[in-house]
1. Mind grabbing the base-10 log of I(q)/I(0) for segment 57-98 at q = 0.15, 0.25 Å⁻¹? Debye formula, identical points on the C-alpha positions, no solvent, two decimal places.
2. I'd like the accessible area for Phe47, computed on protein heavy atoms only with a 1.4 Å probe and all protein chains in place. Round to 10 Å², please.
3. Search the structure for amide H atoms under 5 Å from the amide H of Tyr54, placed 1.01 Å from N in the peptide plane, and list their residues when 5 or more places away or on another chain.
Amino acid sequence: MTARRRQRGTCRSFKASLRERYSTRRPALHRARPCGVRGTRTVPLGFKPSKVVYGITLKSGEALTPQNLFTFSQVATYRAVRHLCSYEIEVEVVGISG
């Protein structure tokens, strides 16, 4: 077995152990507190949004383009979009004019 395969297997078993460890805490992790409303509401465990919108504003007030974002922001946004799209969640990135 190659080192890479061993590493992959270790990662899978680690993820499985985390799932087992936190499965009893799952309901508490899925609580959300709406703004301005007392109390809590729970989000169903199977909830999957149909669309996620990232709103980004630039200090300079320019239009949002990939070239205007810092390199780290470009990479983070790309990875988030790729990950969400793998779950078939529509993603939109919009610029917020100040």
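1. The computed values of log10 I(q)/I(0) come out as -0.41, -0.89.
2. That residue has around 130 Å² of solvent-accessible surface.
3. Amide H to amide H, under 5 Å and 5 or more residues apart or across chains, Tyr54 pairs with Glu92, Val93, Val94.
The values are calculated or read from the model by the stated rules, or taken from the named source; none is laboratory data. Not measured: the values here are computed from a predicted model. For accessibility, only protein heavy atoms count, side chains too; no ligands or nucleic acids. Shrake-Rupley method; radii C 1.70, N 1.55, O 1.52, S 1.80 Å.
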